[in-house]
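Structure record follows, encoded as structure tokens.
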Amino acid sequence: MCRNIAKKHDDRLLLFDRDRDAVAALSDTKAIAASSVEALAAAADFIFLSLPGGPQVEAVCRAIPGSAKPGTFVVDLSTTPVSVARDVGNRLKAAGLEFADAPVARTREAAQRGELSIMVGAEAAVFDRVKPLLEMIGSDVTHCGEIGCGQVVKLINNALVFENTLALAEMMVVGERAGVASQTLLNAVSKGSGDSFVLRNHGMKAMLPRHFPEKAFPPEYVLKDLGYLLQLAADMGVRADVALLARRCYEAACRQGLSGRYFPGVIEFIEKGGVVDDGQKT
């Protein structure tokens, strides 16, 4: 995302990351490394965050107001609880700053191409200001409503992806054991009503070749996002049973070898007869 903004934005671009390798990876662009979050905030008109989750976003947003100029825009590309987005937005507003939650979706390859889907929660005037910059990293930028609504849509999107991945993994194993090659199965289903983004991306590119690298989206992040979604559902008075089952399956998969690896590797847990915490097989 930072690389795409560096390529497309005419003005100065600062970056900060505690991971030196991440900073070094942008050394061939015009992006300039800042010495700290506070130094970056003092110089920027727009601050984009991309962090692991709610606690990190809250910590960074506590550091920003003391340095940032009034009227600075803070745009959070992370996935957080809805309540965190709204609390952070209120605190930044009280400090004279503007805020938008703008979590992103799609694959690593889509991020590299600048073709992410971005779901934005913000006041209409704030959305209008940040949209041109978001279009440098995303091909679909949707205003979902007020602050927090971007996170609502993102958490629902992710829950559907994680649930669909489990369903696809189960059916691939069933098909393989019933004598249908997975390549044939996925090709045929992709032409019918069972087609999905998960099938064409996670199924074709990861589950079919059984390619689950480290440092991709791991099940620990799946569990984080499902936890946020289940809290939101509970707050809304909804018992999200499918999401609860998905969480149990990914928790068991973590305990049985998937931890740290790309989350579609849950198919290996299923084909090995993995057991969830109630003693029943998936």
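Can you give the angle from 0 to 90° between the axis of helix 241-253 and the longest principal axis of the chain, with both taken from C-alpha atoms, to the nearest 10?
Helix 241-253 and the main axis of the chain meet at about 80 degrees.
Using a 4.7 Å cut-off between beta carbons, which cysteines in the chain end up with no partner cysteine at all?
If one checks each Cβ against the other cysteines of the chain, Cys2, Cys61, Cys249, Cys254 turn up with nothing under 4.7 Å.
Within a 10 angstrom radius of the beta carbon, how do Tyr221, Tyr262 rank from fewest other beta carbons to most?
Working: Tyr221 17, Tyr262 20.
Ranked by crowding around the Cβ, least crowded first: Tyr221, Tyr262.
What is the spin-label model distance, in nm, from Arg12 to Ala178 if the labels are put 7 Å beyond Cα along the C-beta direction?
Here the answer is 6.3 nm between the modelled labels.
Please report the net charge: other residues with Cβ closer than 12 Å to the Cβ of Asn201, K and R +1, D and E -1. Display every interim value, and only then the final one.
Values: positive: Arg106, Arg108, Arg200, Lys205; negative: Glu109, Asp195.
For residues surrounding Asn201, the net value is +2.
Give me the one-decimal nm value for the distance between modelled label points at Asp140 and Glu109, 7 Å along each residue's Cα-to-Cβ direction.
Modelled inter-label distance: 1.7 nm.
Measure nothing fancy, just the Cα-based angle from helix 219-235's long axis to the longest principal axis of the chain, in degrees from 0 to 90, nearest 10.
It is inclined by approximately 80 degrees.
Okay, helix-only estimate at 222 nm for the chain: each DSSP H run of n ≥ 4 adds -39500 (n - 2.57), divide by all residues, round to 500 deg cm²/dmol; what do you get?
On the way: 12 runs with 132 residues, N = 282.
Dividing the helical sum by the residues of the chain leaves -14000 deg cm²/dmol.
Past 27 Å, Cα to Cα, is the threshold; run Lys8/Lys154; Lys30/Lys131; Lys8/Lys69; Lys131/Lys191; Lys69/Lys215 against it and keep the listed order.
Table pairs above 27 Å Cα-Cα are Lys131/Lys191; Lys69/Lys215.
Mind listing the phi-derived Karplus ³J(HN,Hα) values for the stretch 149-162, rounded to whole Hz, using 6.51, -1.76 and 1.60 with θ = phi - 60°, and x for any glycine or proline?
For the stretch 149-162, the Karplus curve yields 6, x, 5, 4, 5, 5, 5, 5, 4, 5, 4, 4, 5, 5 Hz.
Please list, in chain and number order, the residues 5+ apart from Ile47 or on another chain whose amide H is under 5 Å from its amide H, with Hs placed from the backbone.
The answer is Phe73, Val74, Val75.
Which of Phe127, Phe217, Phe162, Phe263 has the fewest other C-beta atoms within 10 Å, and how do the rest follow up to the most?
Details: Phe127 21, Phe217 17, Phe162 28, Phe263 24.
Least crowded to most crowded, the residues run Phe217, Phe127, Phe263, Phe162.
List the residues, sorted by chain then number, that are 5 or more residues from Gly145 or on another chain and whose placed amide H is less than 5 Å from its amide H.
Close amide H contacts, sequence-distant or interchain: Ala122.
For Leu97, enumerate residues with amide H under 5 Å from its amide H, sequence gap 5+ or separate chain, H modeled in the peptide plane.
Excluding prolines and chain starts, which carry no amide H, the hits are Gly71.
Net charge near Val153, counting Lys/Arg +1 and Asp/Glu -1 over other residues with Cβ under 15 Å of its Cβ?
Working: positive: Arg86, Arg106, Lys154; negative: Asp76, Asp101, Asp140, Glu146, Asp225.
Net local charge, Val153 excluded: -2.
Tell me, in nm to one decimal, what length is gained between Met236 and Ala25 on full extension, where the rule is 0.36 nm per residue of separation less the Cα-Cα distance? Walk me through the intermediate numbers first.
On the way: separation 211, 0.36 × 211 = 75.96 nm, distance 4.20 nm.
Full extension of this stretch gives 71.8 nm more.
Applying a 10 Å radius around every beta-carbon, put 193-206, 172-185, 245-258 in order of their mean neighbour count, most first. Kindly include the intermediate steps, with their values, before the conclusion.
Details: 193-206: 17.1, 172-185: 13.9, 245-258: 19.8.
Highest-to-lowest ranking by the protection proxy: 245-258, 193-206, 172-185.
For the chain, just say rounded, prolate or oblate: build the C-alpha gyration tensor, square-root its eigenvalues into a ≥ b ≥ c, call rounded for a/c under 1.5, and beyond that prolate if a/b exceeds b/c, oblate if not.
Details: a/c = 2.11, a/b = 1.74, b/c = 1.21.
It is prolate, given that a/c is not under 1.5 and a/b is the larger ratio.
Any read-out appearing in this document is the output of simple, stated calculations on the displayed coordinates, not a laboratory observation. In this text, all values refer to a predicted model and were calculated from it rather than measured experimentally. With ideal geometry, Cβ positions are generated from the backbone for all residues, glycine too; neighbour counts draw on all protein chains shown.
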